[in-house]
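Here the structure is laid out as structure tokens; the discussion comes afterwards.
The values are calculated or read from the model by the stated rules, or taken from the named source; none is laboratory data. All figures in this text were calculated on a predicted structure; none of them were measured in a lab. A quick note on method: Cβ atoms are made from the backbone with ideal geometry, for glycine too, and the neighbour counts reach across all protein chains shown.
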Amino acid sequence: MSIAEKAFLGSLMKAEYLLQDTVIQPEQLESTRHKELMRRMLELNQAGKNIDLITLTTLPDLDSFGGMSYLSELLSYADLVKFEGIEKLILNLWKEREKRNILTVAAMNDWEIAKVIGELDKINQMKMEDHTSLQLALSNIYEAPWEDQATLKSATTGIKKLDEVTGGFQGGEVTILAARPSMGKTDVMLHFAKMSGWAGYLPLVFSLEMPEKLITSRLIASTGGFNRAKMREPKRMLNQSQKNKWSDVIGDLNETHMQIFDGSGQTIAEMRAKTRKLMNQFPYKKPVLFIDYLTLIHSSQFYGGNSHQQVTEISKSLKTMAKDFDCPVICLAQLNRSVESRANKRPMMSDIRESGSVEQDADVILFLYREAYYNKDSQDHSLEIIVSKNRNGPVGTISVNYNEHTGKIEEKKE
């Protein structure tokens, strides 16, 4: 019996939410035992029961499914990260079997060529998730002239001028936020993440470089306006009024529902699996993905050290992920040193490492620049957010106030 089917059913037992998500129907499985088992899972699920190992062992005809030992075996094949790949494999095997059936029936009944092609086409179109009838699309828009447009279309960046230029972070779009090290990338990302959380979105932060403790401490410092250096020993270093503020800051941050994944070397497939899991935990919130940063994402293949091919694969996968989940993806990127050798040190597209595919796949590209970073005597505390690519709007520069001691970002007062 196919290992793919075992892994598929095992994954459903391990993570029940996948049953609502999967495109596979019981009749697309090859083994009769597996078909029947998936039907049972769907029945149990509709009746509001779990489909884990314990519930399945209570089935009256357990033996016909191979008993407890077979179910345990299925569970041992579960692989949540590869689940999407397993689904594709099962679908392809099903298409192959259907194709052979059609050709056999066609030969026996002497079908016209056109009919054979028509039937084969039907199988090929089995994608299942990309279909919208025009009727449904039109009924969705029917009331538009009389309705207020839902305001929660895009996640706010938390910076009014930047929202005006970019329209906020849109579902299905990839934003690249690029700068030299220590320019403030992570602070800007955490500002975006907090703001989208407070606006009712679900910020998922994939921090491939900085451990969760550091991120949490940065969030507290920037939200409370505490000097970062004091976060090492809050008890000794914070003054009384800062301590009085502490629990309010924690309470406010709690409301962002931010989720932090700080494993190094995560792959896009792992990020997808985690995102899908959280979308099922928070069904009423739209996720916004933040990834720190691009070249630390592990690619699914080994390109013999060819970082250009690696970045190309990752940048395509980011776009696919944004589209599949219909959510914004904001990914940080390092700039190469070529910036430093120019008189005007404001970044440009070619400064992004391996920039070609990134430039092509991203919908929005933001660069950060601080005069004070290069000129230590400068009294200018502003941080320029340079919108250098914007698929759906203008480009330009937005200036915000940045306190590098606390990491706090604030709009400039007009």
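A few remarks follow.
- The lone exception for T223 - which of (1) in contact with a His (Cβ under 6 Å, 6 or more places away or on another chain); (2) crowded, with 16+ Cβ neighbours inside 10 Å it fails: (1)
- Any chance K376 is of a type in the set (D, E, K, R), closer than 30 Å to G200 by Cα and modelled with pLDDT under 85: no
- Selection status of E16, charged (D, E, K, R) and either in the same structural domain as N280 (by TED's automatic domain parsing) or free of Cβ contacts under 8 Å to residues at least 12 places away in the same chain (or both): no
- Matching residues, the range 13-43, being over 13 Å from W94 (Cα atoms) and small (G, A, S): A15
- Leading residue by the ranking (surrounded by the fewest Cβ atoms within 10 Å (Cβ to Cβ)) among those in the range 194-220 that are farther than 13 Å from Y293 by Cα and touching a Gly at 6+ places or on another chain (Cβ under 9 Å): W198
- Test for I102: is it in contact with an Asp or Glu (Cβ under 6 Å, 6 or more places away or on another chain) and not hydroxyl-bearing (S, T, Y): yes
- When restricted to residues that are of a type in the set (D, E) and over 9 Å from D262 (Cβ atoms), the range 196-215 contains 0.
- Qualifying residue in the range 214-226 (condition: touching a residue at least 24 places away in the same chain (Cβ under 8 Å) and either outside any helix (DSSP H, G or I) or in contact with a Cys (Cβ under 9 Å, 6 or more places away or on another chain) (or both)): yes
- Filtered residues of the range 7-54 (kept if hydroxyl-bearing (S, T, Y) and surrounded by fewer than 21 Cβ atoms within 10 Å (Cβ to Cβ)): Y17, T22, S31, T32
- Screening the range 75-103 for residues that are touching a residue at least 40 places away in the same chain (Cβ under 8 Å) and of a type in the set (D, E, K, R) and picking the one that is surrounded by the most Cβ atoms within 10 Å (Cβ to Cβ) gives E87.
The rows are residues; the columns are (1) in contact with a Lys or Arg (Cβ under 8 Å, 6 or more places away or on another chain); (2) at pLDDT below 90; (3) more than 25 Å from G356 (Cα to Cα).
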{"position": "D262", "(1), (2), (3)": "no, yes, yes"}
{"position": "I268", "(1), (2), (3)": "no, yes, no"}
{"position": "I291", "(1), (2), (3)": "no, no, no"}
{"position": "S299", "(1), (2), (3)": "no, yes, no"}
{"position": "H308", "(1), (2), (3)": "no, yes, no"}
{"position": "V311", "(1), (2), (3)": "yes, yes, no"}
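- When each of L71, L80 is tested for being hydrophobic (A, V, I, L, M, F, W, C) and either more than 29 Å from the chain's Cα centre (by Cα) or not in a loop (DSSP other than H, G, I, E, B) (or both), the lone residue that passes is L71.
- Residues in the range 166-193 that are assigned to a helix (DSSP H, G or I) and either surrounded by fewer than 22 Cβ atoms within 10 Å (Cβ to Cβ) or at pLDDT 90 or above (or both): K185, T186, D187, V188, M189, L190, H191, F192, A193.
- Test: residue in the range 245-253 that is without any contact (Cβ under 8 Å) to a residue 60 or more places away in the chain, more than 15 Å from the chain's Cα centre (by Cα) and part of a loop (DSSP other than H, G, I, E, B): no
- Test set (1) surrounded by 19 or more Cβ atoms within 10 Å (Cβ to Cβ); (2) over 12 Å from F206 (Cβ atoms) - T275 fails condition number: (2)
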